[in-house]
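Note sheet for the following structure.
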2 protein chains.
Amino acid sequence: MSAYVTLERRFKRLADLGGAAAVLNWDQAVMMPKGGNAARGEQLAALGGLVHEILTAPQTGDLIEAAAAEPLDAWQGANLALVRRRFDRATALPQELVEATARATNACEMTWREARAASDYAALRPKLEEVLRLTREAASLQGAKLGLEPYPALLDGFQPGLDEATIDRLFAPLQERLPGLIDDALARQGRALEPEGPFPVALQKQLAKELMARLGFDFDHGRLDESTHPFCGGTPTDIRITTRYDEAEIVSAIMGVMHETGHALYEAGLPEPWRHQPVGEAHGMAIHESQSLLIEMQACRSPAFLGFLAARLAETFGQQPALAPDNLIRHYRTVQKGLIRVDADELTYPLHIVLRYRLEKALVTGDLDLHDLPAAWNDGMQELLGIRPPDDRQGCLQDIHWPVGAFGYFPNYTLGALLAAQLFRAAEAAIPDLLAHIARGDFEPLLAWLRTHVHEKASSLPLQGLIQEATGAELGTEAFLAHVGERYAR
Amino acid sequence: MSAYVTLERRFKRLADLGGAAAVLNWDQAVMMPKGGNAARGEQLAALGGLVHEILTAPQTGDLIEAAAAEPLDAWQGANLALVRRRFDRATALPQELVEATARATNACEMTWREARAASDYAALRPKLEEVLRLTREAASLQGAKLGLEPYPALLDGFQPGLDEATIDRLFAPLQERLPGLIDDALARQGRALEPEGPFPVALQKQLAKELMARLGFDFDHGRLDESTHPFCGGTPTDIRITTRYDEAEIVSAIMGVMHETGHALYEAGLPEPWRHQPVGEAHGMAIHESQSLLIEMQACRSPAFLGFLAARLAETFGQQPALAPDNLIRHYRTVQKGLIRVDADELTYPLHIVLRYRLEKALVTGDLDLHDLPAAWNDGMQELLGIRPPDDRQGCLQDIHWPVGAFGYFPNYTLGALLAAQLFRAAEAAIPDLLAHIARGDFEPLLAWLRTHVHEKASSLPLQGLIQEATGAELGTEAFLAHVGERYAR
């Protein structure tokens, strides 16, 4: 057996263990009684420890070197590069640092839950100091191995190939143009009627499943369940998405399901023969977010689809003026300068991300001290959105990302939004009657295009190569700004 | 760190991986969409392979030898003996035999499902030949290591410490006495009214959960769900039992849940500090079955509890003559000479087991050829129960055990029934008003007694030592025969 094939077997085993962990994580969030928490933590730690041991074993390194001398086709070559990257990232970190980070992020997350509820930043800071210290250390070590500065090494961990220059190039025009667009939208927008419930959970579930199926979700290979925080988990042939139901609300709930379905379709569309190798996995968080935002923001919030949705809502829950197409469109376009990222609309959301990008970069480089974070946050909100958090709960304590050590994650949300717009524009150009299909609740042509140009590419191309091949251009802000200009400013 | 402590860490890891597999198995039966089957098989195979590698690694053997020279307390010593036994059983089998067995049982199980439906023994035989051949080979190898003949090595795999002489000693009086008791019961029993449904699923579920809680099941540490074949899975702090609902039926459904709850209480009661070591695990299948049958047959089918149950059934589903205590008692005592083991009553069930014990022993020793199995089965049924299967579907094709290679499992069902009677008698002697508690739906004293005398002992004592300490005598048939004599023959 060639070294390359032996290496593939090793990574197949790692993929299977990763799939097992994915199901255990889903179960923990969706099914597990609370008393099972300690045992589940131990099970996941045992799996994680084994994955780390197998990945960083000296034989893995030997196989990588030997495979590099063997004749490989393009996908095999791309796979070997990703295998090497994963090996380098993992071996860059001493076992003690990995374990210290696991302990520190775990402790910090627990403290964060209480600190946020109490709006008590001082209670969080010492724990966050420790997480930041360990994150910086890991980023230095991994960066040294990969030839990257620490913060770019973190970016590259969540989205391979993403660099600071790209983010700076893309965020500048957003920061310049969005404030004006927001003010225009605020001045023009009408007040939408609020749909009146109750919207029975059983009917919400039925409608959600119908729409998921229309989008192309295959219930022989996945489930829809409930959890406190909606997510997409599981494995490509067994995808578990979740939502939560509130009988008083339907409008944002439905879009939440559409968003997670976008993530699910990406996973389901990954190329079957490569499903258990790094090259066959999702490309990174920016691409993943582009798929959920393309489905939610581009396809499902289009007037074309909202006409269809309005009819299905009225048939399901009974007619009311708030469910008429015009009001629904108005509802899904409401812009508001708010303090909370997860409640933000499409237009203000990128400014929440610009703030976090600035701050986390400064924290990692050492230009910003955690003592000064709340003031820097509040000043940034003032500058970018013209509003000032009255407390840290609605300011720098609102997100889980930094307490769990996910510095370098935030930019992906906005890069995903930009890419979603650019991809949708390319799909529209390739499929002339695309919106007419969507207006009938028919997503087949869109899904076929995404399968070919994004899903089936998996991780076989570099980030910019993937985008270039799919859209004919490098990632830019033009499609997104044109899209929000059309949707919000006319 | 002492060798013993290092060894404990190793087995803690194996226990965590085993716990992960238990949750994945539960998910497969209860939650997984059918398209996830292939990936789940791979995940479980990856976990199983790792467990086998860690268990059989030369370091495990070295640690066992080193630990044997260290000072150990009683539980540590018992743990080391079980660790050694597990190591010996696993290292006795070459990897190719383990893999060939996994493939053969998997193929045979699939063929069995079709062959049973078609009542086509000839279609099953070649696959079953292969499974039997591999089972005999494994039993020889393991027996050689443990100083046991092949069939006893199989028995010892499901219930450590169980031997043929014990089974022969216990089955002889059953075979002698039960036929007469069955004829008496058939002559005397009145016809029970059939409760008339529908019994709405939501109400069944609610009553089942109430009764589970009364028995001592903690829903912070477990769940009740639905699956095609009811089972008890999960881990001691997160126990998953299942049932199935049929709106037309309530009587046997409730007892099914009580039975699985008995298994669950055993797992939940295992000693916390030893939960991740072999000595802290359930003792074996005979003890496990004694716990489910004690709860179902001894406690919940007692007239004391059936009075309580009758009232709860009437309150839940409305009063009807068939739910009156007398009729319910009559219902749960109905004896019938049937062809199918899983439908058998308490009195005829052991004869189904006697038949299987005889046949599987002869198959493993080579005294019976698989060509002759159907005739031998039918002759045995004629001899033991006086009835003859009209086809193999209702004869030797009915059980899954042999097709999946579980030769040596069947005796545990009846040993469990005998032990359940003997333990319940001991509990009654220790708790004078036990039945009065049970008549009020109060199982606390019974559970406390079981915790102390069975659950918390886990695997720390040899089989006969455990029974002797709990009941003051070696395992016998007297308590069981007295119990069925009282219940069915007066």
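The values are calculated or read from the model by the stated rules, or taken from the named source; none is laboratory data. Everything quoted here is computed from the prediction, not taken from an experiment. Note that we place each Cβ from the backbone using ideal geometry, even for glycine, and neighbour counts take in every protein chain shown.
For residue B:19, state whether it is facing chain A (nearest Cβ under 7 Å) and either within 24 Å of the chain's Cα centre (by Cα) or part of a loop (DSSP other than H, G, I, E, B) (or both). Yes: the conditions hold for residue B:19.
In the set (1) over 30 Å from the mean Cα position of the chain (by Cα); (2) of a type in the set (A, V, I, L, M, F, W, C); (3) surrounded by 15 or more Cβ atoms within 10 Å (Cβ to Cβ), residue B:32 fails one condition alone, (1). A residue that is at pLDDT below 95 and more than 14 Å from chain B (Cβ to nearest Cβ) occurs nowhere in the stretch A:153-164. Might you let me know whether the stretch A:308-318 holds any residue that is surrounded by 17 or more Cβ atoms within 10 Å (Cβ to Cβ), touching a residue at least 12 places away in the same chain (Cβ under 8 Å) and under 26 Å from the mean Cα position of the chain (by Cα)? Yes, there is a match, as at least one residue in the stretch A:308-318 is surrounded by 17 or more Cβ atoms within 10 Å (Cβ to Cβ), touching a residue at least 12 places away in the same chain (Cβ under 8 Å) and under 26 Å from the mean Cα position of the chain (by Cα). Here is the figure for the stretch A:385-415: residues that are crowded, with 24+ Cβ neighbours inside 10 Å and part of a helix (DSSP H, G or I) total 3. Go through the residues of the stretch B:151-163 one by one and say whether even a single one is of a type in the set (S, T, N, Q), within 30 Å of residue B:457 (Cβ to Cβ) and touching a helix residue (DSSP H, G or I) at 6+ places or on another chain (Cβ under 8 Å). Within the stretch B:151-163, one or more residues are of a type in the set (S, T, N, Q), within 30 Å of residue B:457 (Cβ to Cβ) and touching a helix residue (DSSP H, G or I) at 6+ places or on another chain (Cβ under 8 Å). The set of residues from the stretch A:160-189 being outside any helix (DSSP H, G or I) and either of a type in the set (Gly, Ala, Ser) or under 25 Å from residue A:482 (Cα atoms) (or both) comprises A:161, A:162, A:163, A:189.
Within the stretch A:146-196, the only residue that satisfies the criterion of being of a type in the set (Lys, Arg) and under 30 Å from residue A:84 (Cβ atoms) is A:169. All but one of (1) without any contact (Cβ under 8 Å) to a residue 24 or more places away in the chain; (2) surrounded by 14 or more Cβ atoms within 10 Å (Cβ to Cβ); (3) more than 14 Å from every other protein chain (Cβ to nearest Cβ) hold for residue B:180; which doesn't? For residue B:180, the exception is condition (2).
Please work out which residue is surrounded by the fewest Cβ atoms within 10 Å (Cβ to Cβ), limiting yourself to the stretch B:319-334 and to residues that are charged (D, E, K, R) and part of a helix (DSSP H, G or I). Don't jump to the end; show me each part of the working.
So the first thing to find is which residues in the stretch B:319-334 are charged (D, E, K, R), and the list is B:326, B:330, B:333.
Those left that are additionally part of a helix (DSSP H, G or I): B:326, B:330.
Working: B:326: 15, B:330: 17.
Among them, the one singled out is B:326.
The sole residue among A:345, A:379, A:367 that is free of Cβ contacts under 8 Å to residues at least 24 places away in the same chain and closer than 25 Å to residue A:420 by Cα is A:345. So if I check each of A:77, A:41, A:61, which one is more than 8 Å from chain B (Cβ to nearest Cβ), in contact with a helix residue (DSSP H, G or I) (Cβ under 7 Å, 6 or more places away or on another chain) and surrounded by fewer than 18 Cβ atoms within 10 Å (Cβ to Cβ)? Every option except A:61 fails the conditions. Name every residue in the stretch A:402-449 that is in contact with a Lys or Arg (Cβ under 9 Å, 6 or more places away or on another chain) and on the phi > 0 side of the Ramachandran plot, in order of residue number. Result: A:408, A:441. Across the stretch A:441-490, what is the number of residues that are outside any helix (DSSP H, G or I), surrounded by fewer than 19 Cβ atoms within 10 Å (Cβ to Cβ) and of a type outside the set (Asp, Glu)? So the answer is 8.
Checking each residue of the stretch A:68-80 against the condition of being more than 22 Å from residue B:9 (Cα to Cα) and of a type in the set (Asp, Glu) gives at least one match.
As a summary of the residue check, residue A:284 satisfies the conditions (1) more than 14 Å from chain B (Cβ to nearest Cβ); (2) small (Gly, Ala, Ser); (3) under 22 Å from residue B:43 (Cβ atoms) except for the one numbered (3).
Could you identify the single residue in B:87, B:11 that is among the aromatic types (Phe, Trp, Tyr), over 23 Å from the mean Cα position of the chain (by Cα) and either modelled with pLDDT under 95 or closer than 17 Å to residue A:43 by Cβ (or both)?
Numbers: B:87 fails: either modelled with pLDDT under 95 or closer than 17 Å to residue A:43 by Cβ (or both).
Step by step, each of B:87, B:11 is checked, and only B:11 is among the aromatic types (Phe, Trp, Tyr), over 23 Å from the mean Cα position of the chain (by Cα) and either modelled with pLDDT under 95 or closer than 17 Å to residue A:43 by Cβ (or both).
The number of residues in the stretch A:44-54 that are at the interface with chain B (Cβ under 7 Å from one of its Cβ atoms) and without any contact (Cβ under 8 Å) to a residue 12 or more places away in the chain comes to 1.
Condition check: among the hydrophobic types (A, V, I, L, M, F, W, C), out of contact with any Lys or Arg (no Cβ under 8 Å at 6 or more places or on another chain) and in contact (Cβ under 8 Å) with a residue 12 or more places away in the chain. Does residue B:144 satisfy that?
Working: among the hydrophobic types (A, V, I, L, M, F, W, C): yes; out of contact with any Lys or Arg (no Cβ under 8 Å at 6 or more places or on another chain): yes; in contact (Cβ under 8 Å) with a residue 12 or more places away in the chain: yes.
Spelling it out, residue B:144 is indeed among the hydrophobic types (A, V, I, L, M, F, W, C), out of contact with any Lys or Arg (no Cβ under 8 Å at 6 or more places or on another chain) and in contact (Cβ under 8 Å) with a residue 12 or more places away in the chain.
Going residue by residue through the stretch B:79-86, is there one that turns out to be over 21 Å from residue B:25 (Cα atoms), small (Gly, Ala, Ser) and not assigned by TED's automatic domain parsing to the domain that holds residue B:397? Let's see the steps before the verdict.
Initial filter on the stretch B:79-86 (over 21 Å from residue B:25 (Cα atoms)): B:79-86.
If we keep only those that are small (Gly, Ala, Ser) too, we end up with B:81.
Okay, now just the ones that are also not assigned by TED's automatic domain parsing to the domain that holds residue B:397, so B:81.
Among the residues of the stretch B:79-86, at least one is over 21 Å from residue B:25 (Cα atoms), small (Gly, Ala, Ser) and not assigned by TED's automatic domain parsing to the domain that holds residue B:397, which makes the answer yes.
Name every residue in the stretch B:227-258 that is more than 19 Å from residue B:296 (Cα to Cα), acidic (Asp, Glu) and more than 13 Å from chain A (Cβ to nearest Cβ), in order of residue number.
Step one: of the stretch B:227-258, the residues more than 19 Å from residue B:296 (Cα to Cα) are B:227-228, B:234-238, B:246-248.
Still in the list and also acidic (Asp, Glu): B:238, B:246-247.
Hits for the stretch B:227-258 are B:246, B:247.
Here is a list: A:202, A:213. Which entry is within 14 Å of chain B (Cβ to nearest Cβ) and either touching a His at 6+ places or on another chain (Cβ under 7 Å) or closer than 21 Å to residue A:293 by Cα (or both)?
Working: A:202 fails: either touching a His at 6+ places or on another chain (Cβ under 7 Å) or closer than 21 Å to residue A:293 by Cα (or both).
None of the other options fit; the residue is A:213.
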